[in-house]
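Q: To start, I am sharing the structure in question, which I have written as structure tokens.
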């Protein structure tokens, strides 16, 4: 098994506003209840229903507000860096090659 992304999840109670700063290219995913999203350098606000997501840009500021009768969960998912993905690929190829030579499998 290899990790394909890194994520952080927050819970936002109804009526709460959560300020955030985006450091890396990230995807915001909403679960549980709708979330109102205001972004810096953007004239639009976004209303995200559960199951929807929004691509975030590095360096932007966000203000997230929970809407509805129950708490909303927001997950920030960032893909792994290219070097980590290449290391995983190298490890997988090494294990594949070793299994071909020795006949043993790693479990």
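Q: What Kirkwood Rh does the stretch 7-80 have if only Cα atoms enter the pairwise 1/r average? Answer in Å. Please report the intermediate quantities before stating the final value.
A: On the way: mean 1/r = 0.0829 Å⁻¹.
When all Cα pairs of the stretch 7-80 are included, the Kirkwood radius is 12.1 Å.
Q: In nm, to one decimal, how far is the residue 97 label point from the residue 67 one, both placed 7 Å along Cα→Cβ?
A: Using points 7 Å along Cα→Cβ, the separation is 5.5 nm.
Q: What is the packing order of peptides 15-25, 54-64, taking the mean over residues of other C-beta atoms within 10 Å and listing the highest first? The partial results should precede the final answer.
A: Working: 15-25: 12.5, 54-64: 14.6.
Per-residue mean Cβ counts within 10 Å order the peptides as 54-64, 15-25.
Taken together, the values in this text are just the output of simple stated rules run on the coordinates, not laboratory data. Because the structure is predicted, anything quoted here is derived from the model rather than measured. No Cβ is skipped: glycine too gets one built from the backbone with ideal geometry, and neighbour counts run over all protein chains shown.
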